[in-house]
Amino acid sequence: MTDNDQIFEAFAKEPAYIHVNERLVGRMLRHLKGYKTIHLLDLAAATGLMTSLTDRMTRSAGIELKSTLLDLDLPALHQARREVTAQNASYLYASADSLPLRSGYDAVIFGNSIHLLDNESKEKALAENRRVLRDGGVLAVNTTFYEGAYPEESKPFYSRWIRRAIVEINRRLPQRDKAEKVQALEFLPAQGYRDLITRAGFKIVEMRERRVLLSQAAVRAISSYKEFAKGALHATDEDAEEAARALQVSVRQTFNDLHRIFDFIEAEKVNRACFYHLVPSGRGHGVVDLSPAESRQAMDVILERTMDFHRRNVSAEILTVDNHCDGPYMYLKMKAVGDPRAEEVYEMLKWNGGGLYPSGVGFGCIDFLGNVHPDQFWMHYTFGNVRERKFSEIWMDTADPLMAGLKDRRKRIKGRCVGCRFLDLCGGALRVRAEIATGDPWASDPACYLTDEEIGLKPGTGEGALGPRTETAGVV
Ligand SMILES: C[S@@+](CC[C@H](N)C(=O)[O-])C[C@H]1O[C@@H](n2cnc3c(N)ncnc32)[C@H](O)[C@@H]1O
Ligand code: SF4
């Protein structure tokens, strides 16, 4: 293996992953009580997490550790050499089922990898482990890939996630070939592993299942591991990268499953629901926003479910809030399916100045102390206080540069919005988001998820492809 396809570094840094492996190392060491020196073989070591954990625990117990880290992923081994802190470690590029090593190890740790080997190689690897261990030596093995590993209650999440990821990868690679053999999904049951290990000549001293709760970040991290992605989406080696991306794009949306929110709206007869895009101010500060692909997916669900409500006469008013490119997105979707009302919708979106005149013009925010802000997401900017000055005076005072700009933003807006054919509808979306992201309230809104092609820019050039646009006057 010459590239870093196998590295699963991101997941190896997840606290849940580290914790569960710490427990395995701890139990292995309990079976090696009284040792002053431990010779460890870290099999399928990748970037060396198991050695690092063992090193930390043996060090604090005053035990000397001599370890051999073996893997067939060379870049991972190079990384392990840089990162592993164990003093007495050697690194070996070899396969687990044919060990170029003599007997004499006190322990072999075969972490999170056995499922990657086919059944014959699993048997060979275990026989090799038996051969290199001295009598009384300990083998510690763990895997998440076995029959029955997924708790019943996690299955709906898993199947929704994989369904979405399949749609996503098929969209990215419409002609893709499916991998014929996907070892990670050929699960053995726990009893199958017990039998294999026993047949290799080991006496089982402990066997247990540990339930691990994975955070959203952990699931995203495991998605970036190409071996996992290949297994989950039946992808070939060539498509592994796209498979990993498809899983990552789908995961966050699945966690926040909008479909279930719509089910709830219908079941509880909620008659109005607003879906807000993230504005990273106030409570939203520091929250990671959706990627453009995720925003589009979320919009697709909202539009699809709202139309379904309409068709079935379910009475609920559904709004999306604070990202005005939702309007053009909806228009483009109507055009794409030849909806006869598309042009009417276009005119309605443009009506009254479209999205050019909200904050600072059509709406504002007066907080509980009487301070006046451009909108509720822009509480960090104040124009004045209604206890000191009349609202009408504060609101029309364009001596304030931000107020002057908001009253006439069209000529100030910069970036890709300038060449966008939807500027008269969208108005450059939410100015405060641009201000938070760049410090400049007139920069492009970073949450715009429309592509260059959709907005009429020559892809990647930032130039308008449609020629000059007409100016429209906005009146509120
Ligand atoms: C999920 S990582 C596990 C890394 C580490 N043992 C841990 O528990 O964190 C799986 C590793 O198995 C390695 N691997 C897969 N098949 C192997 C084989 N036949 N021989 C050696 N390593 C192998 C991969 O290269 C990868 O680095
Ligand atoms: S590029 Fe700017 S104006 Fe065009 S849709 Fe996106 S945010 Fe709106």
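Per-residue counts of other Cβ atoms within 10 Å, averaged by peptide: what ranking do you get for 129-141, 69-81, highest first? Write out the running numbers ahead of the final one.
Working: 129-141: 17.3, 69-81: 20.1.
Most protected by this proxy first, the peptides run 69-81, 129-141.
Straight-line reach from Lys407: which lysines have a Cα under 27 Å away, not including same-chain ones fewer than 8 places off?
Lys350, Lys390
Net charge near Ala86: determine it from the other residues with C-beta under 11 Å of the C-beta of Ala86, scoring Lys and Arg +1 and Asp and Glu -1.
Local net charge: 0.
Using only the alpha carbons, work out the radius of gyration and Dmax of region 297-400 in angstrom.
Rg, Dmax (Cα atoms, Å): 18.5, 55.
Give me the percent relative contact order of region 350-476, please, defined on Cα pairs under 8 angstrom at least 6 residues apart. Please list the in-between numbers first.
Numbers: 184 pairs, mean separation 33.6, N = 127.
Contact order relative to length: 26 percent.
Using the Karplus curve 6.51 cos²θ - 1.76 cosθ + 1.60 with θ = phi - 60°, work out ³J(HN,Hα) for each residue of region 221-231 in order, rounded to whole Hz, and write x for Gly and Pro.
For region 221-231, the Karplus-derived couplings read 5, 5, 5, 7, 7, 5, 4, 5, 4, 4, x Hz, x marking Gly and Pro.
Angle, helix 240-255 long axis vs. longest principal axis of the chain, Cα atoms, 0 to 90°, nearest 10?
Roughly 60 degrees, rounded to the nearest 10.
Counting only the backbone N, which residues of region 49-65 are under 14 Å from the spot 7 Å out from the Cα of Thr37 toward its beta-carbon?
It comes to 63-65, nothing else.
If the reach is capped at under 18 angstrom between alpha carbons, list the lysines near Lys13, excluding any in the same chain fewer than eight residues apart.
Lys226
Under 17 Å Cα to Cα from Lys203, which aspartates and glutamates show up? Leave out anything in the same chain fewer than 8 places away.
Asp106, Glu123, Glu128, Asp135, Asp195
Can you tally the net charge around Glu454? Count Lys and Arg as +1, Asp and Glu as -1, for every other residue whose Cβ sits under 14 Å from the Cβ of Glu454.
For residues surrounding Glu454, the net value is +3.
Neighbour counts of other C-beta atoms within 10 Å: give me Val251, Val418 arranged from fewest to most.
Val418, Val251
Name the residues of region 104-129 whose amide N is less than 13 Å from a point 7 angstrom out from the Cα of Ala61 along the C-beta direction?
Correct set: 107.
Provide the net charge surrounding Lys269, with neighbours chosen by a C-beta distance below 14 Å and charges set as Lys +1, Arg +1, Asp -1, Glu -1.
Spelling it out: positives minus negatives among the neighbours equals -2.
Test of understanding: what is the full-extension gain from Glu388 to Arg102, defined as 0.36 nm times their sequence separation minus their Cα-Cα distance?
Values: separation 286, 0.36 × 286 = 102.96 nm, distance 8.60 nm.
Full extension of this stretch gives 94.4 nm more.
What is the spin-label model distance, in nm, from Asp300 to Thr198 if the labels are put 7 Å beyond Cα along the C-beta direction?
With each label point 7 Å from Cα toward Cβ, the separation is 4.9 nm.
Could you rank the peptides 309-316, 111-118 by their average count of other C-beta atoms within 10 Å per residue, with the highest value first?
In decreasing order of mean packing, 309-316, 111-118 become 111-118, 309-316.
Relative to the longest principal axis of the C-alpha atoms of the chain, give the angle of the C-alpha long axis of helix 15-30, reported between 0 and 90° and rounded to the nearest 10°.
The answer is roughly 10 degrees.
Assuming R0 = 41 Å, what is the FRET efficiency of Lys333 and Asp177, from their Cβ-Cβ distance, to the nearest 0.05?
About 0.85, to the nearest 0.05.
Given Cα pairs under 8 Å that are at least 6 residues apart, what percent is the relative contact order of the chain?
That works out to 10 percent.
Looking at the chain, send over the antiparallel percent of its DSSP beta bridges, to the nearest 5.
Among the beta bridges of the chain, antiparallel pairing accounts for roughly 15 percent.
Read-outs throughout are calculated quantities, based only on the coordinates presented, and are distinct from any laboratory measurement. Note that the structure is predicted; figures quoted are calculated from it, not measured. Please note: Cβ atoms are built from the backbone with ideal geometry, for glycine as well, and neighbour counts cover all protein chains shown.
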